Structures are given as structure tokens and as C-alpha cells.
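Visitor: A single structure is presented below for examination.
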Amino acid sequence: MALRLFLPLLLLLAATLLITQAQGIGSSASDCCLKHSKKDIPTGVVASYRLQGPESGCFLRAVVFTTKKNKKICASPSSDAVQKLMRQLDKKAKNAKSRAQTQRPRSRPKKQRRERV
């Protein structure tokens, strides 16, 4: 008797799990590039980049550039222009980091003494 009640509940649970996996609910791969852009990427508009591939849950290997207006551009990681742009962004980030480390913390300016005349 209990088996008659338990079996439909078990089937319902299994069907729910299959549907949620098929829809990709709970996966981090919802923001994957599906193809590479064929247009040249202007260097002045790009703010950062990230790599995408099977290790991030995506089928296509790509470099995802983020523009200053927060738009995403997918590019081929094997392209020479893309490699050059990645090196430029890495260099810019490294320079900004080293500048931040070498700057002294700002303090209040010292009061100047008034000269008596």
C-alpha cells in the first residue's frame, strides 16, 4: 500500500530534477558566448576581459571583452588582434596596480605659519 503512494512521488521528483537540469537552472553557464564576433574590436572602448571555456561551463572557447558601457563582445582567443588587446589590458592593469602601491596615503596638509610683517 505504501509503495503505491511512494512510487508516484518518486517519479514526480525524478521528472522535476530532469526538467530543471535540461533548462540549466542553477548553472553558472547562463552567460556563455555562442559565437565569435568577426568585427575588429576598438581598443579604446574595452575596459576588461575574461576567458570562457569548458572549465567555466561553456562549450565555446572565447575571450569575453567588457566595454566601458558594460557591453559584452565575444572574440576568438586564437586571433592575433585579440591576443594583442589582452596584453595591452594586462599591462594597463599591472601599471595601475603598481601606481596604487607606490602612492603615499593622503594626509591632512600641514598648516602654514603666518609670517609677521
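Throughout, read-outs are computed from the coordinates displayed, never taken from laboratory work. On a predicted model such as this, the values are computed, not experimentally measured, just so you know. Ideal geometry is used to build each Cβ from the backbone, glycine not excepted, and the neighbour counts take in all protein chains shown.
Visitor: Between Ala81 and Ala100, with labels modelled 7 Å along Cα→Cβ, what's the label distance in nm to one decimal, could you check?
Guide: 3.1
Visitor: Which semi-axis lengths, in whole Å and largest first, follow from the square roots of five times the eigenvalues of the Cα gyration tensor of segment 36-97?
Guide: 19, 13, 12
Visitor: Once you place label points 7 Å from the Cα toward the Cβ at Lys38 and Thr66, how far apart are they in nm?
Guide: Between Lys38 and Thr66, the label points sit 2.9 nm apart.
Visitor: Same structure again: So what are the ³J(HN,Hα) numbers for segment 41-57, from phi and the Karplus equation (6.51, -1.76, 1.60; θ = phi - 60°), rounded to whole Hz, Gly and Pro as x?
Guide: For segment 41-57, the Karplus curve yields 9, x, 5, x, 9, 8, 9, 7, 8, 9, 9, 10, x, x, 5, 9, x Hz.
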